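To start, the structure under review is shown below, and the notes come after it.
The values are calculated or read from the model by the stated rules, or taken from the named source; none is laboratory data. Predicted model, so just to flag it, every value in this text is computed and none were measured. Here the Cβ positions follow ideal geometry from the backbone for every residue, glycine too, while neighbour counts run over all protein chains shown.
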Amino acid sequence: MIRSTTRLLLVLALWAAAEAGAKEGYNIWSRERVHRLHQRTLQEPHNTQVRLLLANAYYEDGEIWEAKRELRGILELVPESPEAHCNLAVILHAQSSLSQAREHYEAALAADSTLVEAMAGLGVLLCRTGQGRGIELLERVLACEPGRHSVRYNLAVAYHRAEDPLRAIAHLEELLACEASYPGGRAAMAQACFARGLGLLQAQEPAAALAALERALEYDSSDDGLHFAAGLAHLKLEHLGQAEAAFEAAVERNPEHVPALHNLAGVCERQGRLERARELYEHVAQLTPHLDDIEAVRNARYDEEYLFERGASASR
């Protein structure tokens, strides 16, 4: 996939690439292009520009092994070719050969520090492996080319993983303003707002937390944890009716959501609906055999710390 006729670079579909080499069907014109360029390389074996074109043609035709072989051949002729290093890194990255991909990205940038494709690829790779320099590289890419939506999305994901939801939200806002249906954009925004809401809950700022959680629900109402968190915020604000509705929504999506069931029972108890509260506590008791009796169930505590613990477990 040639990004430009001057740079001759492959384009990496960052973090969402289909398996390298997958072809939807045989393309006779692509095959003809490979044949034509191959003939030119026989006539001009030292013409690296033609060989880069051939490597791209092989890649587009799904002949990944041939593309890699051609790129390595270019590097034998010109060991510092930034385009060959970058294109080889893109292929290796898509094949999950991360250590080799990193070496070639870094070699490309050592030869040409302005090579945006190498910055983007290396930035994503480093973010995925939990190394902070990745965020710096992706920010540099956006400074050069603000319209790169895939980079902005990946940067938002990286900030979310780095537990910086405000920066994640800012990048996602800009992304969705430009492309409202960007794949995964709405789900990512929901998770970033969720993380922001949890942080505010932990900081004992329930009103601000509720605003963030309700915004998250606008983007994704399917997550039972989001409804549970919103219920906690309402509960802290003494909005018993809204808290009940939020806990009910969590249970509707997950009938065995013990924290939501427990807090729903507590709300019913505070409203004087003791029979309903008893039924809910008994249901919780069935789901939590480690608790000895109804009184132990009633005195259990399920608040925002449960959500933080769940998030920590999911990230391991």
Does GLU244 satisfy the condition of being modelled with pLDDT of 95 or more and on the phi > 0 side of the Ramachandran plot? no
Could you tell me which residue of segment 164-183 is surrounded by the most Cβ atoms within 10 Å (Cβ to Cβ), considering only residues that are in a loop (DSSP other than H, G, I, E, B) and out of contact with any helix residue (DSSP H, G or I) (no Cβ under 7 Å at 6 or more places or on another chain)? ASP164
Selection within segment 113-129 - part of a loop (DSSP other than H, G, I, E, B) and over 15 Å from the mean Cα position of the chain (by Cα): SER113, THR114, LEU115
Yes/no for SER150 being over 13 Å from the mean Cα position of the chain (by Cα), within 28 Å of ALA216 (Cα to Cα) and hydroxyl-bearing (Ser, Thr, Tyr): no
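So if I check each of ALA260, ALA285, which one is surrounded by 13 or more Cβ atoms within 10 Å (Cβ to Cβ), under 29 Å from ALA211 (Cα atoms) and in contact with a helix residue (DSSP H, G or I) (Cβ under 6 Å, 6 or more places away or on another chain)?
ALA260
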ALA260 passes all but one of (1) under 30 Å from the mean Cα position of the chain (by Cα); (2) at pLDDT below 95; (3) assigned to a helix (DSSP H, G or I); which number fails? (2)
Does ALA209 count as in contact with a Gly (Cβ under 6 Å, 6 or more places away or on another chain), part of a helix (DSSP H, G or I), more than 20 Å from ILE135 (Cβ to Cβ) and in contact (Cβ under 8 Å) with a residue 24 or more places away in the chain? yes
Return the only residue of HIS93, HIS85, HIS104 being crowded, with 21+ Cβ neighbours inside 10 Å, under 23 Å from THR41 (Cα atoms) and within 27 Å of the chain's Cα centre (by Cα). HIS85
So which pairs qualify, if the first residue must be in segment 143-161 and more than 15 Å from GLY121 (Cβ to Cβ), the second must be hydroxyl-bearing (Ser, Thr, Tyr), the Cβ gap must be under 7 Å, and the two must be at least 6 apart or on different chains? HIS149/TYR182
Does segment 234-247 hold any residues that are of a type in the set (A, V, I, L, M), part of a helix (DSSP H, G or I) and more than 18 Å from SER222 (Cα to Cα), and which are they? LEU235, LEU240
Please enumerate the residues belonging to segment 46-101 that are part of a helix (DSSP H, G or I) and touching a residue at least 60 places away in the same chain (Cβ under 8 Å). GLU83, CYS86, ASN87, VAL90, ILE91, HIS93, ALA94
With the requirement that a residue be of a type in the set (Ser, Thr, Tyr) and under 20 Å from CYS127 (Cα atoms), what does segment 50-102 give you? SER96, SER97, SER99
